[in-house]
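Undergrad: Okay, here's the structure, questions in a sec.
Every number in this text was worked out from the coordinates using simple rules, so none of it is lab data. This is a predicted model, so every value here is computed, not measured. Positions of Cβ are generated from backbone atoms using ideal geometry, with glycine treated the same way; all protein chains shown enter the neighbour counts.
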Amino acid sequence: MATTLSEQQASDNKRIDADRVTAFFKRLDNLHDAFEAHAGEFKSDCKELYAEAAEALGSSRKVFKHAYNTHRSRQKLAKKEAEFEESERNDLDLIRAALGDFADTPLGSAALS
């Protein structure tokens, strides 16, 4: 018959102190709460900056945010490609050549990532 984890722990004289587990949980809760509070501030700051940029450029917030997200995606792809070895770059170039103009579309970019 198989032994359960608690039976195995009892046989190994290993006990888990509930107070210690609770203390770890509390510390993690505090870190998560602090992160969420900070993330909320960050999101608010970003929202304000999107609105400021859109107004200054005479665009909608939605359009500016889309343009920024496209910019970030291209940066991430370029960073990944910079880490490729020479043979991997050659393979990527071959795939792009096979795709032709399709490689420059969002769907083509997604296929390459």
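Undergrad: Using a Förster radius of 25 Å, what is the FRET efficiency between T105 and A78 based on their Cβ-Cβ separation? Nearest 0.05, please.
TA: That gives a FRET efficiency of 0.90.
Undergrad: Between N90 and H71, what is the label-to-label distance in nm when each label sits 7 Å out along the Cα-to-Cβ direction?
TA: So the label points at N90 and H71 sit 3.7 nm apart.
Undergrad: For E55, E36, what's the fewest-to-most ordering of other Cβ within 10 Å of each Cβ?
TA: E36, E55
Undergrad: Give the lysines whose C-alpha is closer than 27 Å to that of K26, dropping any in the same chain fewer than 8 places away, or say none.
TA: Correct list for K26: K14, K43.
Undergrad: Are there chymotrypsin sites (Phe, Trp or Tyr not before Pro) in the range 25-113 that DSSP marks as loop and that have at most 14 other Cβ atoms within 10 Å, and which are they? Walk me through the numbers before you get to the answer.
TA: Values: sites: F25, F35, F42, Y50, F64, Y68, F84, F102; in loops: F84.
Passing both the DSSP loop test and the Cβ count: F84.
Undergrad: Just flag the trypsin sites (Lys or Arg not before Pro) in the range 40-109 sitting in loop per DSSP whose Cβ has no more than 10 other Cβ atoms within 10 Å.
TA: On the way: sites: K43, K47, R61, K62, K65, R72, R74, K76, K79, K80, R89, R96; in loops: none.
Here no loop site has a sparse enough neighbourhood.
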